[in-house]
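One structure is given here, and the rest of the page talks about it.
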Amino acid sequence: MLKLKDVKLVGSRSELEGQPWRKELVNTINAYSYVMAQKDAAFAEALSKGDLLVPDGVGAIRGARIVGAPVPQERIAGYDLFDLEMRRLEERGGRCFFLGSGEAVLSRIRERAAVDYPHIAVHTYSPPYKGVFSDEDNARMIAAVNAVQPDLLWIGMTAPKQEKWAYAHFDELDVKGPVGCIGAVFDFYAGTVKRAPQWWQDHGLEWLYRFAQEPRRMWKRNVQGNLVSPFYFLRERFFPDFP
């Protein structure tokens, strides 16, 4: 079970920008992933033992306020994390690896990144689409990454699969810089899913925009994130030792 009082959330974009360039596991958290981490011990461990935990969603910030944990200055969406780290790598030059999604999405990512980030060599790998990877699958993914020795690794397999995979195999990955789990950002950057306009983002309503786009896929996430999470936040605040 994950407790917000036991982890440190990144407080601002400037804090991220000030991080030295080194290998570290970067995860994001929102109200939905907080709920999932109450029921999934492996996911809770991956989030709590990573190097950086970024508040992706106003729900995580409100939750920190409810439980009495340090409150981040601002929300940092997964796409903001992606943009910040890509700009940092563009300034220094290097190699970036995208692990996840299908080849159609990865092809669009390569095309767009070649224009947006001319000083970054982009490499990709599409893992098999299945619920649980075999040892052979894992070995092939790790080998693909290590053959490139990237300066930055993005993993997009949806939560909690991506966080658990990155945490389990972190020591096997030959990466020189951040390893970030960013899920839907692959689709946002590729243009296969439209991100919410800025007004929706600024008012903490990006979740509602995504729900309107994909109601069948997003309904469970939104119900748990918006309706169930307050129960767990209050439980952590008033009954922290509840099993």
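A short reminder: the numbers here are calculations on the coordinates, not readings from a lab. Since we're looking at a predicted model, the values are computed, not measured. Ideal geometry is used to build each Cβ from the backbone, glycine not excepted, and the neighbour counts take in all protein chains shown.
Quick look at the numbers
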read-out: Euclidean distance of C-alpha centroids, the range 115-176 and the range 15-86, integer Å; value: 20
read-out: Summed residue charge, Cβ within 12 Å of GLN201's Cβ, Lys/Arg positive, Asp/Glu negative; value: -2
read-out: Relative contact order of the range 140-243, pairs being alpha-carbon contacts under 8 Å that are 6 or more residues apart, as %; value: 20
read-out: The chain, relative contact order [Cα under 8 Å, separation at least 6], %; value: 24
read-out: Ratio of Rg to Rh over the chain (Cα coordinates, Kirkwood Rh, two decimals); value: 0.95
read-out: Inter-probe distance in nm under a simple model that places probes 7 Å from Cα toward Cβ, at ARG65 and HIS203; value: 1.7
read-out: Simple Cβ-charge dipole of the range 95-193, Lys/Arg +1 and Asp/Glu -1, about Cα centre, in debye nearest 20; value: 220
read-out: From phi via Karplus (6.51, -1.76, 1.60), per-residue ³J(HN,Hα) for the range 137-146 in Hz, x at Gly/Pro; value: 4, 4, 5, 5, 5, 5, 5, 5, 5, 5
read-out: Pairwise Cα inverse-distance average, inverted: Kirkwood Rh of the range 1-106 (Å); value: 14.8
